[in-house]
Amino acid sequence: MSKNVTPSVIILCTGNSCRSILAEALWREESGGQWACASAGTQPTGTPHPLAIKVLEEEGIPVSDLCSQGISEYSEGSFDLAITVCNSANEECPVFPGASRTLHWPFPDPAEHVSVDDESPEGMQIFRVAREAIRQRIQRYLATLDFKAALFEILDQLPGEIPEERRVAYRSLVQSCGEAMDQVEAWAILPQIIHDEMKPFGWLWNGFYHLKGQVPNRRLVLGDAAGPPVCATIEENPGQRSGMCFDAVQQGSILVAADVNRWPGYVSCDGESGLNTVSSIVRPIFDENGDVVAVWDLDSSEEIHPCDALVMDALLEGFGAFGHPVEKSS
């Protein structure tokens, strides 16, 4: 989308009375009026649900332009994005013809539990829950757009000579990661995205280790990763260097080894994985309190380019706005 053109979105559901109405108003509000927003239904009721209007009004969100209408009203329209918020609309309109991209965000229908003449506190609360769920989903999506824009600016300003194929890979990596950020399992699928985009440059393994235990007997436990099997657990050796990952934990900053064999106390998993690691990047991951809870680790069979660490540091920092990696449930 051009920076000089107002982006547009249409939100689709069945009745266009609750979820899509809430989403239209909230999207306009959360974007600060920077998006052109519309909504429609495959079988419109003709009138927005009264409680959908009330929960918007109590937040001071304008409602005067909201109305329930059919998809046919926009048959000739064009949008940058279409969102289906119910399964029925997704089945009837899996790809909105007038949109450059169609996404499916299913939300429970509050109207299934609250009639149009229900003015009870319980009914209001059900609609508030729906409002906040939709608001958070929109905020997350808009944040991913900000993430990609910021990362693309960084890529444009990277110093030194960078081969064109690597620049192209960086941009593809940012684009793919930006799309992943919009998913609940974003952190879990991140290593595979990195592997797929950067494997041509020797990035044969990357993943997250979760920090466990207390000083001086901590351990790093392998979580989500992409590539051949590696060390499942790395132990901290009191009074000794315990490898790059623990060095990154202790220093709280990204570390780069151009030659892992020269890194004091380097912990190699090559024997188990079959890798031939030449260089590595390790970056700590922080929680909301600024404490290290995990590390991202890369094993590369080729030399690391000086800009690789800059890109990954910015990328992982952006992901940090969406929490941090969590352990797989057993």
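Worth pointing out:
- Residues being at pLDDT below 95, closer than 28 Å to D247 by Cβ and not aliphatic (A, V, I, L, M) are entirely absent from segment 190-205.
- Identity of the residue in segment 177-192, surrounded by fewer than 18 Cβ atoms within 10 Å (Cβ to Cβ) and not acidic (D, E), that ends up nearest to L81 (Cα to Cα): Q183
- With respect to being at pLDDT 95 or above, in contact with a strand residue (DSSP E or B) (Cβ under 9 Å, 6 or more places away or on another chain) and farther than 21 Å from E92 by Cα, S31 fits the description.
- Test: L173 is assigned by TED's automatic domain parsing to the domain that holds L298, in a strand (DSSP E or B) and in contact (Cβ under 8 Å) with a residue 12 or more places away in the chain: no
- Filtering segment 68-99 to residues that are over 29 Å from the mean Cα position of the chain (by Cα), of a type outside the set (D, E) and exposed (fewer than 14 other Cβ atoms within 10 Å of the Cβ) leaves S72, S75.
- Annotation for segment 78-90: at least one member residue is of a type in the set (F, W, Y) and either part of a strand (DSSP E or B) or not assigned by TED's automatic domain parsing to the domain that holds G15 (or both).
- Among the numbered conditions (1) in contact with a helix residue (DSSP H, G or I) (Cβ under 8 Å, 6 or more places away or on another chain); (2) at pLDDT 90 or above; (3) not in a helix (DSSP H, G or I), the only one that A150 does not meet is (3).
- Restricted to helices (runs of 4 or more DSSP H) entirely inside segment 241-330, those with at least 1 residues that are crowded, with 18+ Cβ neighbours inside 10 Å and in contact with a Gly (Cβ under 9 Å, 6 or more places away or on another chain) are 244-251, 308-319.
- Qualifying residue in segment 181-202 (condition: touching a Phe, Trp or Tyr at 6+ places or on another chain (Cβ under 7 Å), outside the structural domain of E59 (by TED's automatic domain parsing) and assigned to a loop (DSSP other than H, G, I, E, B)): yes
- Among (1) under 26 Å from Y266 (Cβ atoms); (2) surrounded by fewer than 19 Cβ atoms within 10 Å (Cβ to Cβ); (3) of a type outside the set (G, A, S) - the single one L220 does not satisfy: (2)
- Checked across segment 210-222, the condition of being part of a helix (DSSP H, G or I), assigned by TED's automatic domain parsing to the domain that holds E272, over 24 Å from the mean Cα position of the chain (by Cα) and under 28 Å from N276 (Cβ atoms) holds for no residue.
- Residues satisfying the stated conditions in segment 11-42, i.e. in a strand (DSSP E or B), buried (at least 19 other Cβ atoms within 10 Å of the Cβ) and either without any contact (Cβ under 8 Å) to a residue 24 or more places away in the chain or over 21 Å from the mean Cα position of the chain (by Cα) (or both): L12, C13, C37, A38, S39, A40, G41
- Taking the numbered list (1) of a type outside the set (S, T, N, Q); (2) surrounded by fewer than 20 Cβ atoms within 10 Å (Cβ to Cβ); (3) more than 13 Å from V282 (Cβ to Cβ) in turn, E236 passes all entries but (2).
The values are calculated or read from the model by the stated rules, or taken from the named source; none is laboratory data. From a predicted model like this one, the values you see are computed outputs, not experimental measurements. Glycine also receives a Cβ, built like all others from the backbone with ideal geometry; neighbour counts cover every protein chain displayed.
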